[in-house]
Amino acid sequence: MKSRFLTLKPSGARIQIVEAGKGKDLLYLHGAGGHMPNDPLIAALASKYRVVAPLLPGYGQSTGEDGVRDMLDVTLHALDVLEALNLKKPIVVGHSMGGMVAAEMAAIAHTEVTKLCLLAPAGLWLDDHPIADIFSKLPYELPGLLFHDSKAGQKLLTSGVNMEDPEFLNEFLVMNARRLGMAGKILFPIPDRGLAQRLYRITAKTLIVWGREDVLIPPVYGDAFKRAISKSRLVRIAKAGHAVGQERPAAVLKVIRDFF
């Protein structure tokens, strides 16, 4: 994987772009936690596609978060990045918060987004199935929320570092404050910014993927997305939690290749 930077006009935001692989273009939009260390999903996708993975303002070395205030700003920012990247009819893949953004992009820009893959997307709220508040969680609680296999998930999140080590914890909290400050604009207090009323506008061929053991956003949300998007297929992957792409990267790659 390599990084480069893109400066958006007229805002001047400097956006970090992670790229890997060769083949058909695939745009990947990350979740609220950003990219994981040596992200297994990006690595798997890069074995068959040219993966282009921008980091939202407030993540990594991307700047410009002060100019992004709400869901519309985030969506238009993502569309501006897509246009500036000059990709050729990419598959747009979004995980969790990134799936929420990808769905908004497809609802607004029919011609720019024609192939859409939503990995356990946020964006809906079902009163009978509340979503856990990630903003109130401490680092050691995250593996159990994100992964079916929490021990393996902890290793992925930390590259094997002890999550209770004070040095790691200090660095994590500083970095997380910036990331969640950005994510909170569209996810806090609940991840509902009216997407349910716009999903009918999506005309892209859409693949929805969910981990069967997702405890953060329960799999029943997959059925809600499936009902609302006309040209969609829902696939559930066994032995996978919310971070379905990172926990089962080969399985996710297979369903994407089979569908598109």
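The values are calculated or read from the model by the stated rules, or taken from the named source; none is laboratory data. Just so it is clear, the model here is predicted, and its values are computed rather than measured. Glycine also receives a Cβ, built like all others from the backbone with ideal geometry; neighbour counts cover every protein chain displayed.
For the range 106-126, a residue qualifies if it is farther than 9 Å from Ala204 by Cα and under 16 Å from the mean Cα position of the chain (by Cα), and the qualifying residues are Cys117, Leu118, Leu119, Ala120, Pro121, Ala122, Gly123, Leu124.
Inside the range 82-102, can you point out the residues that are of a type outside the set (Ser, Thr, Tyr) and buried (at least 22 other Cβ atoms within 10 Å of the Cβ)? Walk me through it before giving the result.
Kept after step one, since they are of a type outside the set (Ser, Thr, Tyr), are these residues of the range 82-102: 82-95, 97-102.
Answer for the range 82-102, where residues must be of a type outside the set (Ser, Thr, Tyr) and buried (at least 22 other Cβ atoms within 10 Å of the Cβ): Ile91, Val92, Val93, Gly94, His95, Met97, Gly98, Gly99, Met100, Val101, Ala102.
Scan the range 41-53 and tell me whether some residue there is closer than 25 Å to Phe188 by Cβ, modelled with pLDDT under 95 and small (Gly, Ala, Ser). No: the range 41-53 contains no residue that is closer than 25 Å to Phe188 by Cβ, modelled with pLDDT under 95 and small (Gly, Ala, Ser).
Please verify whether the range 85-93 includes one or more residues that are in contact (Cβ under 8 Å) with a residue 24 or more places away in the chain, part of a helix (DSSP H, G or I) and not β-branched (Val, Ile, Thr). Checking the range 85-93: at least one residue is in contact (Cβ under 8 Å) with a residue 24 or more places away in the chain, part of a helix (DSSP H, G or I) and not β-branched (Val, Ile, Thr). Among the residues of the range 3-23, those identified as at pLDDT below 95 and out of contact with any Gly (no Cβ under 8 Å at 6 or more places or on another chain) are Lys9, Pro10. Screening Leu41, Leu26 for residues that are of a type outside the set (Val, Ile, Thr), crowded, with 21+ Cβ neighbours inside 10 Å and out of contact with any Gly (no Cβ under 8 Å at 6 or more places or on another chain) leaves exactly one candidate, Leu26.
Exactly one residue out of Leu187, Leu173, Leu195, Leu180 is at pLDDT below 95 and in contact with a helix residue (DSSP H, G or I) (Cβ under 7 Å, 6 or more places away or on another chain), and it is Leu180.
Just for the range 12-30: of the residues that are touching a residue at least 60 places away in the same chain (Cβ under 8 Å) and over 18 Å from Leu116 (Cβ atoms), which one is nearest to the chain's Cα centre (by Cα)? So the residue we want is Ile17. Among the residues of the range 21-41, those that are of a type in the set (A, V, I, L, M, F, W, C), outside any loop (DSSP other than H, G, I, E, B) and within 14 Å of Leu55 (Cα to Cα) comprise Leu27, Leu29. Summed over the range 118-133, residues that are surrounded by 14 or more Cβ atoms within 10 Å (Cβ to Cβ) and in a loop (DSSP other than H, G, I, E, B) total 9.
Is the range 132-141 home to any residue that is farther than 19 Å from Val252 by Cβ, at pLDDT 95 or above and not polar (S, T, N, Q)? No, the range 132-141 contains no residue that is farther than 19 Å from Val252 by Cβ, at pLDDT 95 or above and not polar (S, T, N, Q). For the range 103-115, taking the residues that are out of contact with any Lys or Arg (no Cβ under 8 Å at 6 or more places or on another chain) and more than 22 Å from Val252 (Cα to Cα), the one that is surrounded by the most Cβ atoms within 10 Å (Cβ to Cβ) is identified as Ala109.
Kindly indicate whether any position in the range 100-119 is modelled with pLDDT of 95 or more and among the polar types (S, T, N, Q). The answer is yes, given that some residue of the range 100-119 is modelled with pLDDT of 95 or more and among the polar types (S, T, N, Q). Just the residues that are crowded, with 22+ Cβ neighbours inside 10 Å and assigned to a loop (DSSP other than H, G, I, E, B), please, taken from the range 134-159. Passing the criteria: Phe147, His148.
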